[in-house]
């Protein structure tokens with residue numbers, strides 16, 4: 001009977017340690033807070049797209065790790081994205097005034113709505129659309145990125 005009692009304790013201790021082992025090995029996640037400043041309108045939404053790679057950056061509406069919109073309530077808007085794997089990301093935002101969830105452009109391809117990109121790279125006719133490498137940053141446990149909204153191309 002003593003052997004059975006000892007064996008059951010060993011078995012229980014093994015099961016408990018295995019369950020803790022799974023908890024310890026859980027993949028870490030991170031939270032990214034994106035703050036957009038310089039909003040010129042008081043209506044509409046700021047739409048965000050977080051990209052984990054250069055695929056589709058910054059124009060694709062279907063690429064990206066996470067996305068979402070926040071109602072404009074002032075000159076600044078903040079949106080948090082949780083559950084991201086630590087790594088390298090870039091963010092593109094649009095001041096979506098007409099509710100179509102995309103950046104509208106004129107005949108020449110120049111944006112007609114406000115836009116912003118992480119790390120605030122220069123966007124002009126000479127530089128063209130920014131590359132992922134120019135807008136990317138490392139996300140660890142809790143990371144905050146500030147984006148300045150642009151309503152025209154840089155000179």
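Readers should treat all values here as calculations from the given coordinates under stated rules, not as data from a laboratory. Small disclaimer: the values here were computed from a predicted structure and weren't measured. Here the Cβ is made from the backbone with ideal geometry for all residues, glycine too, and neighbour counts use every protein chain on show.
Once you have a ≥ b ≥ c as the square roots of the Cα gyration tensor eigenvalues for region 113-155, tell me rounded if a/c is under 1.5, and otherwise prolate or oblate according to whether a/b is larger than b/c.
Values: a/c = 3.63, a/b = 1.76, b/c = 2.05.
Oblate is the answer for region 113-155, as a/c is 1.5 or above yet b/c matches or exceeds a/b.
With 10 angstrom as the radius, rank 59, 149 by how many other C-beta atoms surround their C-beta, starting from the fewest.
59, 149
I'd like the distance between the alpha-carbon centres of region 92-155 and region 33-88, rounded to an integer number of Å.
Distance between centres, Cα-based: 10 Å.
Evaluate the Kirkwood expression for the hydrodynamic radius of region 30-148, namely the inverse of the mean inverse distance over all pairs of different C-alpha atoms, and round to one decimal in Å.
On the way: mean 1/r = 0.0697 Å⁻¹.
Computed over Cα pairs of region 30-148, the Kirkwood hydrodynamic radius comes out at 14.3 Å.
Give me the number: length gained by fully extending residue 120 to residue 98, i.e. 0.36 nm times residue separation minus the C-alpha to C-alpha distance, one decimal in nm.
5.5 nm
Using only the Cα atoms of region 60-106, build the gyration tensor, take square roots of its eigenvalues as a ≥ b ≥ c, and label the shape rounded, prolate or oblate: rounded if a/c is under 1.5, else prolate if a/b is larger than b/c, else oblate. Show your work: numbers first, answer last.
Working: a/c = 2.40, a/b = 1.37, b/c = 1.75.
It is oblate, given that a/c is not under 1.5 and a/b is not larger than b/c.
Between residue 148 and residue 27, what's the calculated FRET efficiency when r is the beta-carbon distance and R0 is 30 Å? Round to 0.05.
Numbers: r = 33 Å, r/R0 = 1.10.
Efficiency, from the Cβ-Cβ distance: 0.35.
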